[in-house]
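Written out below as structure tokens is the structure these notes cover.
The values are calculated or read from the model by the stated rules, or taken from the named source; none is laboratory data. As the structure is a computational prediction, the values presented were derived from the model and not from experiment. Neighbour counts run over all protein chains shown; Cβ positions are idealised from the backbone, glycine included.
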Amino acid sequence: MLVEIVLAVILLWDVSFFLRYLVSFQKKYLTTDWKPKVSIIIPAYNEAENIEEAIRAALSQDYPSIEVIVVDDGSEDGTYERALSLKDPRLRVVQIDHGGKTKALNRGLEISAGEIIVTTDADGVLERNAVSRLVERFYSDDIVAVGGQVRVRGRRFLELAQDIEHLRIATFRRAKELENLSLAPGPVSAFRKNALLRIGGFVEDLVEDYATTLALKRLGSVVYAPHAKVWVKMPSELRALWRQRRRWFLGDLPKLAAKPLGEKLFFVLSDTVALFDVFFPLAALLTGKWFLLLVFLALEWAMMSIIVRVEGGSLLEVLLFPILLWFWAAFYLALHIYGLVHYAFGRETSIEWN
């Protein structure tokens, strides 16, 4: 009976979000024809391998009025020289002493001429219409920021796992956050410059995009632009992935205390479902309840097939989805246990790039 209860909780959780995702397409998607000047800021630190592709993607936007500002944060691998090698009157390249990503972003903000500031990463490739799709969502004067959709480049297991993760995030954002986005992601977001200046620029933090989003939401609304996409590189080795997600979680955790009760309960429930995601396949195999496992797989495959068709993705990602779901459930359970213990003992975590 326990296995059946666990499966029921998992399916109730997953299907409820999927249905909300489908319903979101019936909501009116508000846009505007406003076309202000846009400054695209690309902070970079030791990104010689990627910076030229990122700049070309930014310069290739179909938006009519842009400037691209590359801020090299004291790189030691030739990033600055690679960026300077590209010649375009819309491109500015500056170098500062190494001080971290937030300092680089704020230097770009300081010298920018645009009314709207778009941020992307030095390993990010913006889709050609990304800026247009971000700006069109500033349909009201009270909207201070717009976040887009992050996708992951590469075909290794962990890269596919992270792309699936971001597809799931996209599903959640369409379902729950279309008009109230909790995070404007650094790799593809747009901000009203005057709003950024009012909060003193991008916020120095372990997770600068989340901290900046929270500060901006005190001034106005942050919304989601699902059609504004960027393709980024993510860790392909488990150790690097753990370091990245550890920094993100330890940066987010202190902010949870100030959240409403509903968001705290959501955090607890999501971890409970993750525990069930880990437990259920193992329990079904050990108890010989193959039919329940097949029901679970069939429903998860069906839902992910529709999501991949709408948001983009591959058949391989659909087929691997149950394995990847189990991986992420186990990964985040371990991460959250580690993070809560770490936070309870008051240990410090340094601010790093990526």
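Please find, within the range 1-53, the residue that is surrounded by the most Cβ atoms within 10 Å (Cβ to Cβ) out of those that are among the aromatic types (Phe, Trp, Tyr) and part of a loop (DSSP other than H, G, I, E, B).
Our first condition is that a residue be among the aromatic types (Phe, Trp, Tyr); within the range 1-53, this holds for 13, 17-18, 21, 25, 29, 34, 45.
The next check asks that each one be part of a loop (DSSP other than H, G, I, E, B); those that pass are 25, 29, 34, 45.
Values: PHE25: 9, TYR29: 14, TRP34: 11, TYR45: 21.
So the residue we want is TYR45.
Out of ARG153, ARG198, ARG192, I need the residue that is within 29 Å of GLU300 (Cβ to Cβ), touching a residue at least 12 places away in the same chain (Cβ under 8 Å) and either basic (Lys, Arg) or in the same structural domain as ARG309 (by TED's automatic domain parsing) (or both). Which one?
ARG153 is the lone residue from the list that is within 29 Å of GLU300 (Cβ to Cβ), touching a residue at least 12 places away in the same chain (Cβ under 8 Å) and either basic (Lys, Arg) or in the same structural domain as ARG309 (by TED's automatic domain parsing) (or both).
Kindly check whether there is at least one residue in the range 202-210 that is over 23 Å from SER24 (Cβ atoms), outside the structural domain of ARG133 (by TED's automatic domain parsing) and aromatic (Phe, Trp, Tyr). Scanning the range 202-210, I find no residue that is over 23 Å from SER24 (Cβ atoms), outside the structural domain of ARG133 (by TED's automatic domain parsing) and aromatic (Phe, Trp, Tyr), so the answer is no. Of the strands (runs of 3 or more DSSP E) that lie entirely inside the range 114-192, those containing 2 or more residues that are surrounded by fewer than 24 Cβ atoms within 10 Å (Cβ to Cβ) span 143-152. Filtered by the rule that a residue be under 23 Å from LYS233 (Cβ atoms), in a loop (DSSP other than H, G, I, E, B) and acidic (Asp, Glu), the range 54-107 gives GLU76, ASP77. One residue stands out among those in the range 255-281 that are hydrophobic (A, V, I, L, M, F, W, C) and more than 20 Å from LEU12 (Cβ to Cβ): the one that is surrounded by the most Cβ atoms within 10 Å (Cβ to Cβ), which is LEU256. I'd like to check something: does the range 244-254 contain any residue that is buried (at least 19 other Cβ atoms within 10 Å of the Cβ), touching an Asp or Glu at 6+ places or on another chain (Cβ under 6 Å) and either among the hydrophobic types (A, V, I, L, M, F, W, C) or modelled with pLDDT of 90 or more (or both)? There is no residue in the range 244-254 that is buried (at least 19 other Cβ atoms within 10 Å of the Cβ), touching an Asp or Glu at 6+ places or on another chain (Cβ under 6 Å) and either among the hydrophobic types (A, V, I, L, M, F, W, C) or modelled with pLDDT of 90 or more (or both).
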